[in-house]
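Notes follow the structure.
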Amino acid sequence: MSIDLSLDRLQLAIQHLPKYTRPTCHIAGTNGKGSVTAIISSVLRSASPPLNVGRYNSPHLVSVTDCININDDPVDIELYSSVRSTVERIDGELGIKLSNFELLTLTALQIFERLEVDVAVVEVGMGGRLDATNIIPDEAILVSALTSVDLDHQAFLGDTVSAIAREKAGIARHGKSFVLGHQKYPEAIDVVKTTLLEKSSILAPLVVVCQVSSVVSEVSFRGVPFEPPQPNQVLFHLPAFNEDVTAELPLHGQHQLENLATALSAISVLLTNDTPLKPMLLARVTPSTIKHGINNVQWRGRLSFHHISSPRPLSVLVDGAHNRASAKTLADYINLIISRSSDSAIDLVYIIALSHSPPKTPLETLSPLLPPNLSDARDRIKFHVALLDFSQPAGMPWVKPVPPTETAKTVRELLPDVDLWVARRDAEQGTQLTSAIAWAAESISDAGLVVIAGSLYLVADFYRAYM
């Protein structure tokens, strides 16, 4: 099954559904857009009194209701099923043949509308211009934002960063503010600015986030659970307030400072632009509530530490890194925490599954990660790699894992002497992860860390099995 990017089917369907009117923050990007939605939602939920906030992300982790959050909780299954049935009925009666993602997106928007959320924070699925979330009417958009753009999904979005940036900037709306987050490639910036001019969109200023201090605490991989480095202490200023704001960002990795800047820029637009929502926001959102929202933000599956007790106590770092850029981010973080360790020997165990997504190759995704740039710590590390399949995600028959035996060729090319475990071809998908975890437990002699990466679908398998 292929993905047919088009808004034509959705345009027909929405004519037979209640009009969507919820004030919406719309977030696109290759990497970081989920983190930005989590930060924005956390800040808005920390308002006093709290705002009623809906959030839509994809793909889900444990169940489909994870995609649709109401005030930080997955949507009630009965409400989800009722609204989904209505959308499916209209689809069937009109013979539209909406895709699963289109059905899910319309369900999310209709739930937000039915619950009359104060603000909806919506993550683009893929691309932007023709993504199903771009069916949201112009008048409902409060602000659009674009996180970092890199190569991914080239078969659908284009072979160059410029082409991909053009597709993602397609969420910009006439006369509405647009936040352009930090970009690695100058050509992405040029393309986005051109698109904004064409659409008469307003480029919003990017909030400057300063790292006040980074507490360099020594870490050890002997203890379980592993104690990660302290949160980044940050300082920033928003034009709506006279005072600077300091906070502690619990999301791991230096890249999250850039995501925080993007999220705060969107919040700043909400506080300064003249919209019907502005008086309520200014009455409820203060420097203190913003600090609380940042201090308490959570985003599972992205540089997330967990502790499991079976088959023995293990510290596990879970990350959905699935392309070269996100793999580089993961590698940088692993380098950071290992550089702060005085352990004389560390067993680093990767458990990896990759999605088949040409032209992206296993070499492209894994080369930043195997091995990470460990500089003088390299001699202290013993690498172990387990390769497996992930479970077939529900309603997404086109998603397939790269066969572990194929990925193994790339791993051996990158790490010729690696201790390698490959799932048996006849092993059931449901048992592969538990077998890999058991192998990891045997591989760690004293100090060690298990890293699960390569696909959010593998991360989902981990949460279903162990959390």
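The values are calculated or read from the model by the stated rules, or taken from the named source; none is laboratory data. From a predicted model like this one, the values you see are computed outputs, not experimental measurements. For neighbour counting, all protein chains shown are included, and Cβ atoms are generated from backbone atoms with ideal geometry for every residue, glycine included. SASA here: full protein model, heavy atoms, side chains in, ligands and nucleic acids out. Shrake-Rupley method; radii C 1.70, N 1.55, O 1.52, S 1.80 Å.
Tabulated data for the structure shown
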{"read-out": "Residue check for V285: closer than 21 Å to F221 by Cα, modelled with pLDDT of 95 or more and crowded, with 20+ Cβ neighbours inside 10 Å", "value": "no"}
{"read-out": "Among (1) open to solvent by less than 40 Å² (accessible area, probe 1.4 Å); (2) more than 16 Å from V385 (Cβ to Cβ); (3) out of contact with any Pro (no Cβ under 6 Å at 6 or more places or on another chain) - the single one V349 does not satisfy", "value": "(2)"}
{"read-out": "Residue in the range 67-92 that is nearest to H16 (Cα to Cα), counting only those that are in contact (Cβ under 8 Å) with a residue 12 or more places away in the chain and open to solvent by 60 Å² or more (accessible area, probe 1.4 Å)", "value": "E88"}
{"read-out": "Residue tally, condition among the hydroxyl-bearing types (S, T, Y) and in contact (Cβ under 8 Å) with a residue 24 or more places away in the chain, over the range 188-247", "value": "6"}
{"read-out": "Wholly enclosed helices (runs of 4 or more DSSP H) of the range 387-467 bearing at least 2 residues charged (D, E, K, R)", "value": "404-414, 456-466"}
{"read-out": "Looking only at the range 93-114, and only at residues there that are among the charged types (D, E, K, R) and open to solvent by 20 Å² or more (accessible area, probe 1.4 Å), the one that is farthest from the chain's Cα centre (by Cα)", "value": "E93"}
{"read-out": "Failed criterion for A423 (all others in (1) surrounded by fewer than 18 Cβ atoms within 10 Å (Cβ to Cβ); (2) within 30 Å of S63 (Cβ to Cβ); (3) under 28 Å from the mean Cα position of the chain (by Cα) hold)", "value": "(1)"}
{"read-out": "Single unsatisfied condition, N296 versus (1) under 30 Å from G448 (Cα atoms); (2) buried (at least 20 other Cβ atoms within 10 Å of the Cβ); (3) at pLDDT 95 or above; (4) not acidic (D, E)", "value": "(2)"}
{"read-out": "Qualifying residue in the range 326-339 (condition: open to solvent by less than 30 Å² (accessible area, probe 1.4 Å), over 22 Å from L251 (Cα atoms) and within 18 Å of the chain's Cα centre (by Cα))", "value": "no"}
{"read-out": "Every residue from the range 219-272 that is more than 30 Å from A283 (Cβ to Cβ), in a loop (DSSP other than H, G, I, E, B) and in contact with a strand residue (DSSP E or B) (Cβ under 7 Å, 6 or more places away or on another chain)", "value": "S220, F221, V224, P225, F226, E227, P228, P229"}
{"read-out": "Number of the exception - S375 against (1) of a type in the set (S, T, Y); (2) over 18 Å from A447 (Cα atoms); (3) modelled with pLDDT under 90; (4) touching a strand residue (DSSP E or B) at 6+ places or on another chain (Cβ under 8 Å)", "value": "(4)"}
{"read-out": "Filter result for A386 (over 21 Å from the mean Cα position of the chain (by Cα) and modelled with pLDDT of 95 or more)", "value": "yes"}
{"read-out": "Count - residues of the range 198-218 that are in a loop (DSSP other than H, G, I, E, B) and either over 15 Å from S339 (Cβ atoms) or among the small types (G, A, S) (or both)", "value": "10"}
{"read-out": "One residue from L61, L12, L17 being open to solvent by 50 Å² or more (accessible area, probe 1.4 Å), touching a Leu at 6+ places or on another chain (Cβ under 9 Å) and touching a residue at least 40 places away in the same chain (Cβ under 8 Å)", "value": "L12"}
{"read-out": "Criterion: open to solvent by less than 10 Å² (accessible area, probe 1.4 Å), part of a strand (DSSP E or B), among the hydrophobic types (A, V, I, L, M, F, W, C) and under 17 Å from K19 (Cβ atoms) - qualifying residue of V143, V117, V122", "value": "V122"}
{"read-out": "The range 169-214, subset touching a strand residue (DSSP E or B) at 6+ places or on another chain (Cβ under 8 Å) and open to solvent by 70 Å² or more (accessible area, probe 1.4 Å), residue modelled with the lowest pLDDT", "value": "V212"}
{"read-out": "Given (1) buried (at least 19 other Cβ atoms within 10 Å of the Cβ); (2) more than 27 Å from R173 (Cβ to Cβ), index of the condition P49 fails", "value": "(1)"}
